[in-house]
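Only one structure is covered here, and it is reproduced in the block below.
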Amino acid sequence: MNQLQAYQFIQYNHLTTLEDLQKVYDSGAIICFDLEDGIVDPMEDQHNEELKNEARKQFHRLYKLLREHIADCSIGVRINSIHSVYINDDFLTLTGKTLEVILLPKIENTTDLNQNLQKLMLHNIQCKKIIPIIETKKGFENFSEIIKSCETIINSYAFGHCDYNLNIRAYPFFHQDSWEYWKWINYLCEVAGSDVEIINSPFLNVENKNFFTSMLKYIMEYKKSIKGQVTLSTKQSEWCKNNTQSEYDFESFLSNKNLISVDQNQASLLIAHYEKYNKTKGLTKYNGEIISLQEYKASKKFLEENKQTIELCFIGGCFPVQYNILFEDLFHQQLKRKIADTFDLNLQINIIRYERFYSLNEKLNSLIQNRKIDILVFHVRPEIFLRFTKLLYKYTNEKGVIKWALNFPLFHVLRSEQFDILEISKRFRPKSKKKESKFHPFLLTCNYLFGIGIGNYFFAVRKYQKEIMKMKSFCDQNSIKFCVLGPNCRNGNVLESKLCRFFDRKISKFSKNSPFISGFEELNVLHPVNFENGIHVTPYYHELIAEKLFNFIKDEVKNSLMK
């Protein structure tokens, strides 16, 4: 198995020696000097110019030392943004030098990239590899265009996840232990294709060998476009070089990090640790983990804004954490921005996922012990309704074995309520889906029709009605504004779509005493609501629901502001 190339960003100053650099060289890493975010005084901006001048001076010294004593070593430099006041001094520093790598931060469009390339040529800076860094929303949106504009001279791009978190206003940040991070990576790899390589963003928990090595294994097995890894220690670089194998399943370390709204105490602690242990550099090391300058800035901003806050709890399934929609494009993040931009309020999002009903009360009671919820949106999930309706139910048991069972809910035979798919899926990797036979749509329709014939459809409706009544009662007791969001359309076959429409109407009539938002949208060629699998909804649907929820919540916000 091939190893990932390490790009190690070193901490350097007037005390840095040839021996220090030799250790990095021996690890197989490209020795990277940072002139950008790593060279700042986070507490006193007026010192930055002095710090950067000193960093350039030390880079001159160490560059000369390396070329004289380790002639074949690879040297990389991350310069400041093309829009920075420091960029011209960076180009003067690099004039006439030969580098293996130059990293260009905050590239958002082809203009940014071309300006950098022109400056490099103007200053006669020789470089074997130029690596633009994608670390803003605009950079993501223009990534395909950026690649095409310079595909003959640039075939490597890096991801800067800390700057990206800051740019999209995510807080706390999503690091490599979150599914949200890997959605970003998936997107970059898909756009890049097989001919362009991606450099993975640094992993800040520098002492966590188990996670880091399991991540390297995962990347090499499943993310072929990733050819390099930014490292922050010689240990990390050695793990890349030695191709250290891990016995751990990388995906078992991951979780959705956007389920519970941010805690102010967490932000305060991060700020305190950063300031206490910072040594006038962009990064702070505390308890074996790096705290980035960007997350420090985001923490400060979060506490200083002092906006009025509204806490919303959304109860649903995969929709609020959908795997193929970027975090910032999920409906609740669009809603959050709409509320902030319209009312200058902070909408805090709390998410409870449910696959079966029996655990809902426990999850909700646990949440309100730590949060004062103002608004609760209960999403009626089509998956559960359709599962109840079928005669035959396919499920995965606690050992990860696929089983079939008859569904007779009227006689209390309901296997779907015995196994929590959300929990089981964390322990068992689903097998690749086999190609369905041409008879599958017919068999699926029969499964629904037989289930309807024995009364499963009516049971499913009544079951959801009872849950809505419980939720409404809970909200009334706790002075929480309650809203029901109806099911979205499933179009695995024609009957599924009709069942979802009927179900949406039934729930609408039953919810007449509570605000109801229809989730059903007719199939539309111009604006499809589902992807090809007929299950997962499209970005258009997320935009639609964000707008519908905004129209409901804005009246509550106005009432809140008037109090």
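Summary of values
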quantity: Residues being over 16 Å from LYS472 (Cβ atoms) and not in a loop (DSSP other than H, G, I, E, B) - total across region 507-529; calculated: 0
quantity: Residue in region 178-188 that is assigned to a loop (DSSP other than H, G, I, E, B) and either closer than 28 Å to GLN266 by Cβ or not aliphatic (A, V, I, L, M) (or both) present; calculated: no
quantity: Long-range neighbours under 7 Å by Cβ, at least six apart or interchain, first residue in the same structural domain as VAL537 (by TED's automatic domain parsing) within region 480-505, second of a type in the set (Asp, Glu) and outside any helix (DSSP H, G or I); calculated: ILE480/ASP374; LYS481/ASP374; CYS489/GLU521
quantity: All positions within region 480-495 that are within 27 Å of the chain's Cα centre (by Cα) and in a loop (DSSP other than H, G, I, E, B); calculated: GLY486, PRO487, ASN488, CYS489, ARG490
quantity: Filter result (in contact (Cβ under 8 Å) with a residue 60 or more places away in the chain and not in a strand (DSSP E or B)) within region 250-266; calculated: GLU251, SER252, PHE253, LEU254, ASN256, LYS257, ASN258, LEU259, ILE260, SER261, VAL262, GLN266
quantity: Pairs where the first residue, in region 452-473, is over 18 Å from SER508 (Cβ atoms) and the second is at pLDDT below 90 and exposed (fewer than 14 other Cβ atoms within 10 Å of the Cβ), C-beta under 7 Å, 6+ apart; calculated: GLY455/LEU410; PHE459/LEU410
quantity: Set LEU35, LEU66: member being of a type outside the set (Val, Ile, Thr), assigned by TED's automatic domain parsing to the domain that holds ILE131 and surrounded by fewer than 21 Cβ atoms within 10 Å (Cβ to Cβ); calculated: LEU66
quantity: Tally, over region 1-52, of residues that are over 20 Å from THR213 (Cβ atoms), part of a helix (DSSP H, G or I) and without any contact (Cβ under 8 Å) to a residue 60 or more places away in the chain; calculated: 12
quantity: Given (1) assigned to a helix (DSSP H, G or I); (2) touching a Phe, Trp or Tyr at 6+ places or on another chain (Cβ under 8 Å); (3) not acidic (Asp, Glu), number of the condition PHE203 does not satisfy; calculated: (1)
quantity: Residue within region 71-80 that is assigned by TED's automatic domain parsing to the domain that holds SER225, part of a loop (DSSP other than H, G, I, E, B) and surrounded by 21 or more Cβ atoms within 10 Å (Cβ to Cβ) present; calculated: yes
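The values are calculated or read from the model by the stated rules, or taken from the named source; none is laboratory data. None of these values were measured; they are calculated from a predicted model. Reconstructed Cβ throughout: ideal geometry from the backbone, glycine too, with neighbour counts over all protein chains shown.
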